[in-house]
Amino acid sequence: MYKVTLIPGDGIGPEVSEAMMKVIHAVGINIQWEKVEAGESVIEKYNTPIPDYVIDSIKKNKIAIKGPITTPVGKGFKSVNVTLRQSLDLYVNLRPIKSFKGIKSRYENIDLVIVRENTEDLYAGIEHKIGDYAAESIKIITKPACERIVDFAFKYAQDNNRKKVTGVHKANIMKLSDGLFLDTFRDISNKYNIKSDDLIVDAAAMNLVLYPENYDVMVMPNLYGDILSDLCSGLVGGLGIIPGANIGKDCAIFEAVHGSAPLIAGKNIANPTALIQSAVMMLRYLEEYEYANKIENALEKVFLKGEKLTVDLGGNSSTTEFTNEIIKYL
């Protein structure tokens, strides 16, 4: 039995979390959920969207899965996701981008992985005002952070029979910060018997739209990873199907990468695929490959049949109907 911290989240979070738990239960693996609340619902009581008990639960269980959490805009609260990643040193953000037959998209047979550094860059949140004239954000790139994220990318490629690792940067302009990332990437690439290349980030954005089949594992600093992973999501049907993982030395958090969609909350029409796929990633992290493959195969059958899809996927089924269809194929 595994004990997993569950953070349902805001908006549609509780609905997609419930769907995910139903699928996990149906596949037969024994998981005990430790549910903790975070986000907008706890701010009034704790004056923070992430009370200490959330961090404590994740540190204790070493593994968590979370629905989307809203960070209030303009109210002085730091991003919930950034806070979790920095507090727990979850230095890897891993987002597999895979197309499914049956989901409408302009592309077919896409299978690539974004490996994003998760703790520094502009997301370190170091910024200040210069009077009323300007504001300054400081971009932090350190060699240790570059080394461990690039090494993770190559090791991931090696362990998952991937063919190539591409380093993404803007070293032609930011010669010191991105130059450090690029130099580190090239140094570490020499330690692995895996094909590698590097690409300037704006060229990467264009080439991913024109020739996504040319890319396999892509590793990059924080900001570029945030942008390009969303771009790649658009290649295969949108954020509603894309899973994500935040991985550190001691623990990991798996999450749906889409937002909380408050306008459709409570209507039973949300697509739970992203969180279900995040659960698949979690099971593989736990080395429970048989259960993970069963869920992924069931998803593939549901998409291919195309009869019980949610509205965003071109159907008219409810969250419950879509979830039950997955369970039927388990």
**Q.** Residue selected from the range 33-57 under the condition among the aliphatic types (A, V, I, L, M) and out of contact with any helix residue (DSSP H, G or I) (no Cβ under 6 Å at 6 or more places or on another chain), by the criterion surrounded by the most Cβ atoms within 10 Å (Cβ to Cβ)
**A.** VAL54
Q. Of the residues that make up the range 284-305, is at least one on the phi < 0 side of the Ramachandran plot, outside the structural domain of VAL4 (by TED's automatic domain parsing) and among the small types (Gly, Ala, Ser)?
A. no
Q: Out of LYS155, LYS129, report the one residue that is touching a strand residue (DSSP E or B) at 6+ places or on another chain (Cβ under 7 Å) and not in a loop (DSSP other than H, G, I, E, B).
A: LYS129
Q. Inside the range 236-260, can you point out the residues that are hydrophobic (A, V, I, L, M, F, W, C), in contact with a Leu (Cβ under 7 Å, 6 or more places away or on another chain) and either closer than 23 Å to LEU299 by Cα or free of Cβ contacts under 8 Å to residues at least 24 places away in the same chain (or both)?
A. ALA245, ILE253, ALA256, VAL257
(Q) Given (1) more than 17 Å from GLY9 (Cβ to Cβ); (2) not in a helix (DSSP H, G or I), identify the lone condition not met by ASN293. (A) (2)
Q) Given the conditions (1) within 17 Å of LYS35 (Cβ to Cβ); (2) among the hydrophobic types (A, V, I, L, M, F, W, C); (3) at pLDDT below 95, and given that VAL73 satisfies all but one, which numbered condition is not satisfied? A) (1)
Q: Can you confirm whether the range 79-86 contains a residue that is crowded, with 20+ Cβ neighbours inside 10 Å, within 30 Å of LYS308 (Cβ to Cβ) and within 17 Å of the chain's Cα centre (by Cα)?
A: no
Q) What single numbered condition from (1) part of a helix (DSSP H, G or I); (2) in contact with a Cys (Cβ under 8 Å, 6 or more places away or on another chain) fails to hold for MET20? A) (2)
Q: Filter the helices (runs of 4 or more DSSP H) completely within the range 37-103 down to those with at least 1 residues that are within 27 Å of ILE295 (Cα to Cα).
A: 52-61, 80-87
Q: Would you point out the residue of the range 312-329, among those that are exposed (fewer than 15 other Cβ atoms within 10 Å of the Cβ) and not charged (D, E, K, R), that is farthest from the chain's Cα centre (by Cα)?
A: ASN316
Q | Neighbours by Cβ (under 7 Å, 6+ apart or cross-chain): first from the range 125-139, at pLDDT 95 or above; second polar (S, T, N, Q) and surrounded by 10 or more Cβ atoms within 10 Å (Cβ to Cβ) | A | LYS139/SER177
Q. Among (1) small (Gly, Ala, Ser); (2) farther than 30 Å from LYS294 by Cβ; (3) in contact with a Phe, Trp or Tyr (Cβ under 9 Å, 6 or more places away or on another chain), where does GLY28 come up short?
A. (2)
Q. Being of a type in the set (Phe, Trp, Tyr), in the same structural domain as ILE295 (by TED's automatic domain parsing) and closer than 30 Å to ASP151 by Cα, is that true of even one residue in the range 72-94?
A. yes
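The values are calculated or read from the model by the stated rules, or taken from the named source; none is laboratory data. Computed from a predicted model, the values in this text were never measured in an experiment. All Cβ positions, even for glycine, are placed from backbone atoms using ideal geometry, and neighbour counts span all protein chains on display.
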